[in-house]
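Each remark here refers to the structure printed beneath this line.
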Amino acid sequence: MKPVEIYTTPSCPYCHAAKGLLRKKGVDFKEIDVSADPKLRMAMTQRAGGRRTVPQIFIGDQHVGGCDDLHALDHLKQLDRMLAG
Ligand SMILES: N[C@@H](CCC(=O)N[C@@H](CS)C(=O)NCC(=O)O)C(=O)O
């Protein structure tokens, strides 16, 4: 299983939905809370190719995108393959 990282803020419903999907799949992830650290949020934006919203999700080195992107990959049956590597 590839490492999964998710940048979040505590009050973000999209972040909770994305984490819920990962948990439902039994996927461990590293959560990076950017709510109190503008520098961390800037680093997230740079890593995410300019995207500023949370969540931003990475599987291994691959940028997945946000919550909608994660669910879309799952609907397309591509998420499990990406997670497995
Ligand atoms: N379509 C995006 C929506 C993400 C979104 O709108 N996130 C909100 C927080 S719930 C956000 O980051 N808003 C801008 C901000 O907080 O600065 C996704 O699926 O991830």
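With the whole protein complex present, GLU5 retains an accessible surface near 40 Å², based on a 1.4 Å probe. For segment 49-63, putting each phi into the Karplus relation 6.51 cos²θ - 1.76 cosθ + 1.60 with θ = phi - 60° gives couplings of x, x, 6, 9, 7, 9, x, 10, 10, 10, 10, x, 8, 8, 7 Hz, in residue order, rounded to whole numbers and with x for Gly and Pro. Cα convex hull, segment 4-84: 81 Å³ per residue, rounded to a whole number.
The Cβ shell under 15 Å around LYS25 holds other residues with a net charge of +3, Lys and Arg each +1, Asp and Glu each -1. The phi-based Karplus calculation (6.51 cos²θ - 1.76 cosθ + 1.60; θ = phi - 60°) puts the 3J(HN,Hα) values of segment 14-25 at 5, 5, 5, 5, 5, 5, x, 5, 5, 5, 4, 8 Hz, whole numbers, x for Gly and Pro.
Taking the 1.4 Å solvent-accessible surface of the chain as the whole, the part contributed by carbon and sulfur is 52%.
So what's the net charge close to CYS15: Lys and Arg +1, Asp and Glu -1, counting the other residues with Cβ under 10 Å from its Cβ? The answer is -1. Amide H contacts for THR8 (H built 1.01 Å from N in the peptide plane; partners 5 or more residues away or on another chain; cut-off under 5 Å): ILE32, ASP33, VAL34. Residues in the chain average 61 Å² of solvent-accessible surface per residue, probe 1.4 Å, ligands and nucleic acids excluded.
The 3J(HN,Hα) values that the Karplus relation (6.51, -1.76, 1.60; θ = phi - 60°) gives for segment 71-84 are, in residue order, 5, 4, 4, 5, 4, 7, 6, 9, 5, 4, 5, 4, 5, 6 Hz. Gly and Pro appear as x.
Between GLU31 and GLN78, the C-beta separation translates, for a Förster distance of 25 Å, into a calculated FRET efficiency of about 0.65.
The values are calculated or read from the model by the stated rules, or taken from the named source; none is laboratory data. Please read these numbers as outputs of a predicted model, since none were measured by experiment. So basically every Cβ, Gly included, is an ideal-geometry build from the backbone, and we count neighbours across all protein chains shown. Remember, those area values only see protein heavy atoms, side chains included, never the ligands or the DNA or RNA. Shrake-Rupley method; radii C 1.70, N 1.55, O 1.52, S 1.80 Å.
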